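Shown next, in C-alpha cells, is the structure this report addresses.
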Amino acid sequence: MKFRLLYFASLADCAGCAAESVDARASDLASLYDEVRQRHDFNLDRERLRVAVNGHIVAWDHPLNEDDEIVFLPPVSGG
C-alpha cells in the first residue's frame, strides 16, 4: 500500500526530509514504523512516539488504508 509519511523534530532530521511517500508491505502502524525506522536509522522506540492517521491521534493497532497520511510524533522540548 502507498502512504504519505510526515516527520517532525528528530525524526525529520534523521530522515533528511519532513515528508515522503512510501510503498510499504506493512499491515499495521507498528510494522510500518519498523520499516521506516530501519531505512532511516531512527533511534526512537515506538513506545516513545505518538502516531496520527489522517489528522487524528490513534493507537498503534489502528488499521491502515491506501493513501493514509501518517505522522510519527516524537517527544519534543520547547524553550
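A short reminder: the numbers here are calculations on the coordinates, not readings from a lab. This one's a predicted model, so the numbers in the text were calculated from it and none came from an experiment. Every residue, glycine as well, gets a Cβ built from its backbone with ideal geometry; the counts of neighbours run over all protein chains shown.
Looking across region 26-67 at every residue that is over 11 Å from the mean Cα position of the chain (by Cα) and among the β-branched types (Val, Ile, Thr), the one that is surrounded by the fewest Cβ atoms within 10 Å (Cβ to Cβ) is identified as 57. Do the conditions hold for residue 31, that is, is it hydroxyl-bearing (Ser, Thr, Tyr) and touching a residue at least 24 places away in the same chain (Cβ under 8 Å)? No, not satisfied.
For region 1-43, enumerate the residues that are within 17 Å of residue 69 (Cα to Cα), of a type in the set (Asp, Glu) and assigned to a helix (DSSP H, G or I). Result: 34, 35. Scanning region 44-54 for residues that are free of Cβ contacts under 8 Å to residues at least 24 places away in the same chain and closer than 19 Å to residue 65 by Cα returns 50, 51, 52, 54.
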